[in-house]
1. Give the ranking of SER534, SER384 by solvent-accessible surface, highest area first, calculated with a 1.4 Å probe.
2. Sorted from largest to smallest, which semi-axis lengths in Å does the alpha carbon gyration tensor of region 160-264 give for its equivalent ellipsoid, taking the root of 5 times each eigenvalue?
3. Between region 524-560 and region 378-444, how many Å separate their Cα centres?
4. State in Å² the accessible area per residue of region 170-263; use a 1.4 Å probe, count heavy atoms of protein chains only, and round to the nearest integer.
5. Sorted by average packing, counted as other Cβ atoms within 10 angstrom per residue and highest first, what order do 563-572, 272-281 take?
6. Solvent-accessible area of PHE375, probe 1.4 Å, all protein chains present, reported in Å² to the nearest ten, please.
7. Between beta-carbons, use under 14 Å as the cut-off and find the net charge around ALA114, counting Lys and Arg +1, Asp and Glu -1.
8. What pairs in LYS242/LYS285; LYS233/LYS361; LYS88/LYS359; LYS361/LYS482; LYS250/LYS326; LYS359/LYS413 have C-alpha atoms more than 26 Å from each other?
Amino acid sequence: MSAVMPELLTSTHVEKMKKKKPPKRYWEETENTDQSQRRPEEEEGKAGQNQNESTVKERPLKRKNDERLEKKDPFPGEAPIPHKQLQKFQRGEKCKVPAGARRRLKEAITSSEAMSEHAQKQAARYDLLLPEDAGFLEGDEDEDTNTISQDDIADAVDITSGSKYFSLHLSQFGPYRLDYSRTGRHLLVGGKKGHVACIDWQTKDLMCEMNVMETVNDVKWLHTEAMFAVAQKRWLYIYDSKGVELHCVKKFNDVLRMQFLPYHFLLATASATGFLQYLDVSVGKEVAAICTKMGRLDVMAQNPHNAVIHLGHPNGTISLWSPNQKEPLVKMLCHRGAVRSLTVDKTGTYMVTSGLDRKLKVYDIRAFKPLHSCFLPAGASCLSLSQRGLLSAATGDIVQVYQNILGSSPVSKPYMAHRLRGQIWGLAYCPFEDVLGIGHGEGFTSMIVPGAGEPNFDALDTNPFRSYEQRQEWEVKALLEKVQPELIGLHPEQLSKVDQASFEQRHKEQVEALGFDPLAKVKFKPKTKKKGRSSAGAIEKRKRKVAHEDQRDEIRQSVQERTEREKELKEKSNEKKLGNKSTLDRFRK
């Protein structure tokens, strides 16, 4: 036995020494390291026991050792998100569960709210990955920024940014209208005398150029840069990016202005005959044709928030339209003269209008009230709002850019100004770029406007650098997620809410739609009997017996309820009388 003991000692000592000590971490305390140093000494003193006992006692030590080596995070849980960051990505107010709702409805509402909250938190966390910020033009002391010319800006910035200021001298077929694609990469221009061209304006590569030999009123890109629409003198034409004519839509005649709704795949057109028409470009069918009865429609804009079309009229009114109704959703008087131009910001909150009364007005669409207005000496013929809220107004041959115009603050002096050679006919900001495109009588001019474009873009929706395969993939997904035109309305947030209309209101609408009451009782028709029992007098007697049966039932029910109420009152009065009396009251006189 004495010979076995040293072998056990040496074997256990060697096994323990072979194990490497774990590296010390910054979150471990010194006590744990002291304990790890003491444990081998304590085990050497207990080595006189059997080998089975030693192996049994080593197991809990190993478990303790493993527990000691477990990593403890000094910052447990997810990092907190600032409240302001969460408010930036808030998706409206939370939907309240109505009283008396069923279990499935409650589960659906709670799950949708949980998903929206999760999406809000994820968007707030990933906002740190978008460090780009928009800048603005700042002048020296006692220097107005509107006095800085475009040549000075192009010389001061880098070569890539300076190349964005250029002009196309096209005096033969002007004036020109223009449109940028949703990615901001491609430019489409159309001259009044028939000249149409589309280019990649950043690389200056010409995609196609043609002359339709007819008056061109407006041009508009469709869902991708592979197709565009041209409103010519008689009909509406669809071309591809190579200039090949794809369709001639003869139902859409005398079109003056166009707007494309990207999430609905709808091309809205306003004609000289006063018709507002919607064309579904995914299937090539006309969705709606509305006669506005307002005369010539040459002022048009869309609300990007809810896809409602805004039309300006010669009598100074502006009307809001949806393809689901033949009447305007809202009709408001904005100017004393005819409306010349209007535009809506991307949030759908503010609308800026200009009229023949030479006034520029800013409206809050939520309350349909004017916030402020200013007087322009020459009036504004064209208006355009950038993604960052800069307003450009064209007065004659001068373009003025205003800053901080959306809100309660009044309109101050212009932020930038630029003079051109010809009369201005079209304005449009390029998405995700600090560029303003101007179409005028002498051609086209690209103007640098610092702080106009959104610096960060959603690559899943509008990616300026996408390849041909990515564009095809996006087009398929967009077609699958297409929003139906029936969902276009003034308040899109109502789609996610529960319809709490009363039964009477729904029943009334059903009666108006059908023309009769489906729940009404059928009138009593007595059966025809033989042997003189179906004479006129006998039929009238039978009708009198059945007549006013509903009233009789109501009277019977009311009488029965009244008698029951009286009985209850009597029982309560008797209980009160008995409750006040005592047993000795019967002996009183």
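1. Numbers: SER534 40, SER384 15 Å².
Order by accessible area, largest first: SER534, SER384.
2. Details: eigenvalues 100, 55, 27 Å².
Equivalent ellipsoid semi-axes, largest first: 22, 17, 12 Å.
3. Centre-to-centre (Cα) distance: 79 Å.
4. Values: 3770 Å² over 94 residues.
Accessible area per residue, region 170-263: 40 Å².
5. Taking the mean over residues of other Cβ atoms within 10 Å, the ranking is 272-281, 563-572.
6. Number for this one is 120 Å².
7. Numbers: positive: ARG91, LYS94, LYS106, LYS121; negative: GLU107, GLU113, GLU117.
Net charge around ALA114: +1.
8. Details: LYS242/LYS285 24 Å; LYS233/LYS361 32 Å; LYS88/LYS359 34 Å; LYS361/LYS482 34 Å; LYS250/LYS326 22 Å; LYS359/LYS413 15 Å.
Pairs exceeding the cut-off: LYS233/LYS361; LYS88/LYS359; LYS361/LYS482.
The values are calculated or read from the model by the stated rules, or taken from the named source; none is laboratory data. Because the structure is predicted, anything quoted here is derived from the model rather than measured. FYI the Cβ positions are ideal-geometry reconstructions off the backbone, even for glycines, and counts take in every protein chain you see. The protein model used for the area step is the full one, side chains on, heavy atoms only, and it has no ligands, DNA or RNA in it. Shrake-Rupley method; radii C 1.70, N 1.55, O 1.52, S 1.80 Å.
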